[in-house]
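Chemist: Right, I'll just put the structure down here and ask away after.
The values are calculated or read from the model by the stated rules, or taken from the named source; none is laboratory data. This one's a predicted model, so the numbers in the text were calculated from it and none came from an experiment. Counting neighbours? That spans all protein chains shown, and the Cβs are built from the backbone with ideal geometry, glycine included. Quick note on the areas: whole protein, heavy atoms, side chains included, nothing else; ligands and nucleic acids left out. Shrake-Rupley method; radii C 1.70, N 1.55, O 1.52, S 1.80 Å.
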Amino acid sequence: MNFQKAWPWGASVLSGVLLALCFAPFGFGSLVWVAVTPLIAAVWFSEPPSHHQKLRLFFLGYVCGLGYFIGSLHWLLTVTVPGWLLLGAFLAIYPAIWTLFLGLVAKPKPRKNDELPVWFRSRSNLLAAALASSAWVALEWVRGTLFSGFGWNGLGVALVDNLPMIQFVDITGVGGVSFLVMMVNVVAVLTVVRLRMEILRKKMRAHYDFSLTVVLVAAAFSYGARALLTPPPESKELTFGAIQANVPITEKRDPAQEDEILALHARLSEFAFVQKPDLLIWPEAATPHPLFLNQKTWEAVSAVAERHDGDFLLGSVHYEERGDFNSAVLFTKSDRDPQIYHKMHLVPFGEYVPLRKSFPLFAWIVGDIVPEDFDFGPTASVLELSSKPFKIGPLICFEDTLAYLARQFVQGGAQVFVVVTNNAWFLRSAGSEQHRANAVFRTIENRIPMIRAANTGVTCAIDRYGRETHRLQEADGNTFFEGFLVGSVQIATTAHPTFYTRNGDIFTYLCFLIAVLATLTTLAKNMPRKPALSP
């Protein structure tokens, strides 16, 4: 096989594999700084064929995307093989579009009568890096928005354990980290190419593109280090008891197990009561039957609420005239009626089937996993505790991975996120750890803590800097077991909304605008011009 034709495809595969390795269970997050360099080199420095160049660019990115998403989302195998493959095949379109942009829009163009190679100019290299990074951030945003969205495992999320490097998301959101990571990838490739050319020409030039990139990385790290070392604002403690019953999906749907499931949650709650927590939490859909429609379920839950001296939040399905909801219900000592939040962002193919009636293929793929659809909740309902004067933002399932939604709760006055989720669908896979990693950024963006109560997976508490302060796990690190977690979080007594809380994804929108304008400009330059009419 001709090496010149083969190596770009090998580079594309390599980038896809490196990107997948950045996320759990592998966890080599630092690879993200160089993971895309093989693909960039393949796009900019391999000899393109004389025809079908656009198709070639698209498929270079698509091959990378397949490795990226099919590799990092392999935990979907525990639920549906066709769904895993189809989702991976769909998400791979986004890196493919980015690669087209990289090759046709972001690539520096040589100047007329310029003796220097195009890669020698720091200004054009910086522009290329900025355009490529903006396009990647824009496409990550589209991926998390279009068709209900699936923004899981963006480039920035790979750095979840590098706390100093991610603190500036309280300004830019995760898009800022993705931008910086991609900029490093692009400039790394260009720096190697420039050095090689300069060595061959025996003439060195100042690398302002490399220097500025280093300064940006150092500035981000310094900002984060300062944030982590700055004394936190005046706070008060909220203690909690989070129940993890570890009920398998097969048992949760088995009528013969209903009494045992309720008894198990009540029994674990009794152990938590010893520590007298301010807030008791049961996970998503903890009750086998709808709480308000089944007498036995209502009596069991009411008994626990009466036994507990504090507040009690649990997940349960809720049916009423307005619709069928996946809900979080809060019992307090001061309110006769429970406070309820209905989940706003449903999981496609998990809680509803898009186009179920008009496109039956989707329903066939999902099968009996989603026999009926839930309805979307109307608003981000902030719930008020009575044990302590705090307001909570209840997030259900993977809503804690959605920055725009979590921000709505904080704008409504929430001082702490309380997440109820159920990762039992994904068995003992990496899905739970990836879920937690994507959720961590909500705490930093809004500078409020988070308590997560999972049926199984990762039950933990995270502070306002993204540090995990409590985790339910065994000595060997296993998190998939029956138990309870008692701990506390520190909640600021005075609200100090972050730039991100106040303004949202302005940085991401700016990247989107830059990418669109650059694309339109390139299209306009390449449009065939009509010949001038002769007099």
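Chemist: Of all accessible surface on segment 211-319 at a 1.4 Å probe, what whole percent is carbon and sulfur? Before the final figure, lay out the partial values.
Modeler: Details: 3060 of 5270 Å².
Of the solvent-accessible surface of segment 211-319, carbon and sulfur hold 58 percent.
Chemist: In addition: Using only the alpha-carbon atoms of segment 402-479, report the extent along each of the three principal axes, biggest first, to the nearest angstrom.
Modeler: Result for segment 402-479: principal-axis Cα extents of 37, 24, 16 Å.
Chemist: Also, I was wondering about something else. Can you give me the convex hull volume of the Cα atoms of segment 240-350, divided per residue and expressed in Å³? Intermediate values should be presented prior to the final figure.
Modeler: Values: hull volume 12.6 nm³, N = 111.
That works out to 114 Å³ per residue.
Chemist: What Kirkwood radius, in Å to one decimal, follows from the Cα pairs of segment 1-127?
Modeler: Details: mean 1/r = 0.0634 Å⁻¹.
Averaging 1/r across every pair of different Cα atoms and inverting gives 15.8 Å.
Chemist: Hey, any idea what Rg/Rh is for segment 191-286, computing Rh the Kirkwood way over Cα pairs?
Modeler: On the way: Rg = 28.5 Å, Rh = 19.7 Å.
For segment 191-286, the value is 1.45.
Chemist: In nm², what is the average projected area of the convex hull enclosing the Cα atoms of segment 36-104? Display every interim value, and only then the final one.
Modeler: Details: hull surface 18.4 nm².
Reported value for the Cα convex hull: 4.6 nm².
Chemist: Can I ask one more? Could you give the dipole magnitude of the chain about its Cα centre, charging the beta-carbon of Lys and Arg +1 and that of Asp and Glu -1, in debye to the nearest 20?
Modeler: Values: 45 positive and 43 negative charges, 736 e Å.
In debye, rounded to 20, the chain gives about 3540.
Chemist: Also, quick follow-up: MET527 versus ARG226, label points 7 Å from Cα toward the beta carbon: distance in nm?
Modeler: Result for the modelled spin labels: 4.6 nm.
Chemist: Shifting gears a bit: May I have the extent of the alpha carbons of segment 428-535 along their three principal axes, as whole Å values ordered from largest to smallest?
Modeler: 88, 40, 18
Chemist: While we're here: Once segment 174-228 is represented by equal point scatterers at the alpha-carbon sites, with solvent omitted, what log10 I(q)/I(0) does the Debye formula produce at q = 0.20, 0.22 Å⁻¹?
Modeler: Rounded to two decimals, the profile gives -0.76, -0.84.
Chemist: Mind checking which of SER235, HIS318, GLN295 is farthest towards the positive end of segment 206-363's charge dipole, using Cβ charges of +1 (Lys, Arg) and -1 (Asp, Glu) about the Cα centre?
Modeler: After comparing all options, I get SER235.
Chemist: For TYR208 and PHE26, calculate 0.36 nm times their separation in residues minus their Cα-Cα distance, and state this gained length in nm to one decimal. It would help to have the intermediate numbers written out before the result.
Modeler: Values: separation 182, 0.36 × 182 = 65.52 nm, distance 3.49 nm.
Full extension from TYR208 to PHE26 adds 62.0 nm.
Chemist: Please arrange VAL440, VAL63 by accessible surface area, largest first, computed with a 1.4 Å probe and ligands excluded.
Modeler: I get VAL63, VAL440, largest accessible area first.
Chemist: Please report the spacing between the Cα centers of segment 260-319 and segment 383-456 in Å, no decimals.
Modeler: Each part's Cα centre sits 19 Å from the other's.
Chemist: May I pose another question? For segment 121-193 and segment 463-535, what is the centre-to-centre distance using only Cα atoms, to the nearest Å?
Modeler: Cα centres, segment 121-193 to segment 463-535: 9 Å.
Chemist: Okay, next question. When the solvent-accessible surface of protein heavy atoms is calculated with a 1.4 angstrom probe, in what order do ILE281, ILE171 fall, highest first?
Modeler: Working: ILE281 0, ILE171 70 Å².
In descending accessible area the options line up as ILE171, ILE281.
Chemist: OK, next. Tell me, what does the Kirkwood hydrodynamic radius of segment 375-506 come to in angstroms if you use every pair of distinct C-alpha atoms?
Modeler: Numbers: mean 1/r = 0.0661 Å⁻¹.
Over segment 375-506, the inverse of the mean reciprocal pair distance is 15.1 Å.
Chemist: Per the 1.4 Å probe, what fraction of the accessible area of segment 405-535, in percent, lies on carbon and sulfur atoms?
Modeler: Details: 3540 of 5870 Å².
Taking all protein chains in place, segment 405-535 shows 60 percent carbon and sulfur surface.
Chemist: Just the accessible area per residue of the chain, please: how many Å² with a 1.4 Å probe?
Modeler: Working: 24550 Å² over 535 residues.
For the chain, the solvent-accessible area averages 46 Å² per residue.
Chemist: Over the chain, what relative contact order in percent results from Cα pairs under 8 Å that are six or more residues apart? Display every interim value, and only then the final one.
Modeler: Working: 1025 pairs, mean separation 84.5, N = 535.
Once divided by the residue count of the chain, the mean separation gives 16 percent.
Chemist: For segment 1-128, give the percent of accessible area contributed by carbon and sulfur heavy atoms, probe 1.4 Å, rounded to a whole number. Don't skip to the end; give the middle numbers.
Modeler: Numbers: 4230 of 6130 Å².
Here it works out to 69 percent.
Chemist: In degrees, nearest 10, range 0 to 90: what is the angle between the Cα axis of helix 506-526 and the longest Cα principal axis of the chain?
Modeler: It works out to around 30 degrees.
Chemist: For segment 113-261, state the average projected area of the convex hull of the C-alpha atoms over all orientations, rounded to one decimal in nm².
Modeler: Average of the hull's projected areas for segment 113-261 equals 16.1 nm².
Chemist: Which longest uninterrupted range of the chain lacks any GluC sites (Glu not before Pro) assigned by DSSP to a loop state (not H, G, I, E or B) and surrounded by at most 12 other Cβ atoms within 10 Å?
Modeler: Details: sites that count: GLU115, GLU234, GLU321, GLU372, GLU474.
Of all site-free stretches, the longest is 116-233.
Chemist: Counting pairwise Cα distances across the chain, what percent come out greater than 32 angstrom? Write down the numbers at each step before the final one.
Modeler: Numbers: 67848 of 142845 pairs.
The calculated P(r) of the chain puts 47 percent of pairs beyond 32 Å.
Chemist: Can you find, among SER211, LEU180, ILE199, the residue farthest towards the positive end of the dipole of segment 166-234? Put +1 on the C-beta of Lys and Arg, -1 on that of Asp and Glu.
Modeler: Positive-end residue among those listed: ILE199.
Chemist: Angle between the Cα long axis of helix 431-446 and the longest principal axis of the chain, 0 to 90 degrees, nearest 10?
Modeler: Helix 431-446 sits roughly 80 degrees off the main axis of the chain.
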